[in-house]
Amino acid sequence: MAVALKAQSLVDSLRDALQEAILRGEIPAGSQLTEQAVADKYGIARPTAKAALEQLVHAGIMRRSLNRAARVPVLDADDVRDLYFNRGLVERGIVTALAQGRIEVPGALRAVDELRLASDVAEIVEADIRFHRALVAALGSPRATRLHESVIGEAHLCMAQVQVHHLLDPEVIAAEHAGILDAVTSGSSRKAADLMDDHLVRARDQLVAYLEA
């Protein structure tokens, strides 16, 4: 039986449905999705399925090799180290620039509140990602946004795959996010950058320790 999709662009709706299923673990790491299987499940044309899968590959949620079906990647410790290294390069610069302008970020503040109210793993991860995306969006630079999006999708997947083991305490994450925001709005650019570094390094180290164990 076909699964009902939200009323929006069909490709976008399908992409969102597949992404939610992947991030919630309903489509587990290592799973392959063929265009035909997706088309059959959702009752849509194969080109629509192909376009949605390509969007997920572009976002880092899935991977595809030449002449192979799209696959949900299984991330290892080296992937996490490289991912967080690149996040640090981007996000340290972002909060430094925001703090220099003392730019307020209401979207990030809302994400802190949402994180404190989150009741399951998916909500925790999604609120965490919304915080970081809000910081980048507040800078108002399309190029910075594109650069950040090149890593944040894979980070979202990584966090979803390991947070099920409750490695990251949402209260601690929320407190760290609030501290970064305080430094930004007070104009403390060095402090904001250092707090972002500490935040990402702590998360990286916990994820790597779990994966290596």
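The values are calculated or read from the model by the stated rules, or taken from the named source; none is laboratory data. Only a predicted model underlies this, so the values are computations on that prediction, with no experimental measurement involved. Note that we place each Cβ from the backbone using ideal geometry, even for glycine, and neighbour counts take in every protein chain shown. In case anyone asks, the SASA skips ligands and DNA or RNA and just uses the protein heavy atoms, side chains included. Shrake-Rupley method; radii C 1.70, N 1.55, O 1.52, S 1.80 Å.
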Within segment 127-139, restricting attention to residues that are out of contact with any Leu (no Cβ under 7 Å at 6 or more places or on another chain) and either of a type in the set (Gly, Ala, Ser) or surrounded by fewer than 21 Cβ atoms within 10 Å (Cβ to Cβ) (or both), which residue is nearest to ALA155 (Cα to Cα)? ILE129
Note on LEU89: of the conditions (1) closer than 18 Å to VAL11 by Cα; (2) surrounded by fewer than 17 Cβ atoms within 10 Å (Cβ to Cβ); (3) hydrophobic (A, V, I, L, M, F, W, C), unmet is (1)
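Report, by residue number, each residue of segment 93-102 that is in contact with a helix residue (DSSP H, G or I) (Cβ under 7 Å, 6 or more places away or on another chain) and either at pLDDT below 95 or in a helix (DSSP H, G or I) (or both). Reasoning before the result, please.
First, pick out the residues of segment 93-102 that are in contact with a helix residue (DSSP H, G or I) (Cβ under 7 Å, 6 or more places away or on another chain): 94-100, 102.
Those that are in contact with a helix residue (DSSP H, G or I) (Cβ under 7 Å, 6 or more places away or on another chain) and either at pLDDT below 95 or in a helix (DSSP H, G or I) (or both): ILE94, VAL95, THR96, ALA97, LEU98, ALA99, GLN100.
Conditions tested, residue by residue: (1) touching a Lys or Arg at 6+ places or on another chain (Cβ under 9 Å); (2) small (Gly, Ala, Ser).
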residue: ALA108; (1), (2): yes, yes
residue: SER119; (1), (2): no, yes
residue: GLU123; (1), (2): no, no
residue: HIS132; (1), (2): yes, no
residue: ASP169; (1), (2): no, no
residue: GLY179; (1), (2): yes, yes
residue: ALA183; (1), (2): yes, yes
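How many of the residues in segment 59-73 are free of Cβ contacts under 8 Å to residues at least 60 places away in the same chain and not polar (S, T, N, Q)? Explain how you work it out, then say what you get.
Within segment 59-73, the first condition is being free of Cβ contacts under 8 Å to residues at least 60 places away in the same chain, and the residues that meet it are 62-71.
Then drop every residue that is not not polar (S, T, N, Q), which leaves 62-64, 66, 68-71.
Number satisfying all stated conditions: 8.
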For VAL112, work out the one condition from (1) at pLDDT below 90; (2) touching a Phe, Trp or Tyr at 6+ places or on another chain (Cβ under 8 Å); (3) β-branched (Val, Ile, Thr) it doesn't fulfil. (1)
Taking the residues in segment 159-192 that are surrounded by fewer than 17 Cβ atoms within 10 Å (Cβ to Cβ), among the acidic types (Asp, Glu) and part of a helix (DSSP H, G or I) as candidates, determine which candidate is nearest to the chain's Cα centre (by Cα). GLU171
For a quick check of your reading of the model, give me the residue pairs whose first member lies in segment 76-100 and is over 21 Å from GLU212 (Cα atoms), whose second is open to solvent by 20 Å² or more (accessible area, probe 1.4 Å) and of a type in the set (Asp, Glu), with beta-carbon atoms closer than 7 Å and at least 6 apart or on different chains. GLY88/ASP197; ARG92/ASP197
Odd one out for VAL38, checked against (1) assigned to a helix (DSSP H, G or I); (2) under 22 Å from CYS158 (Cα atoms); (3) open to solvent by less than 70 Å² (accessible area, probe 1.4 Å): (2)
Boolean, ALA29 is outside any helix (DSSP H, G or I), of a type outside the set (Asp, Glu) and either touching a residue at least 24 places away in the same chain (Cβ under 8 Å) or open to solvent by 10 Å² or more (accessible area, probe 1.4 Å) (or both): yes
Residue match in segment 54-72 (condition: in a helix (DSSP H, G or I) and more than 15 Å from the chain's Cα centre (by Cα)): yes
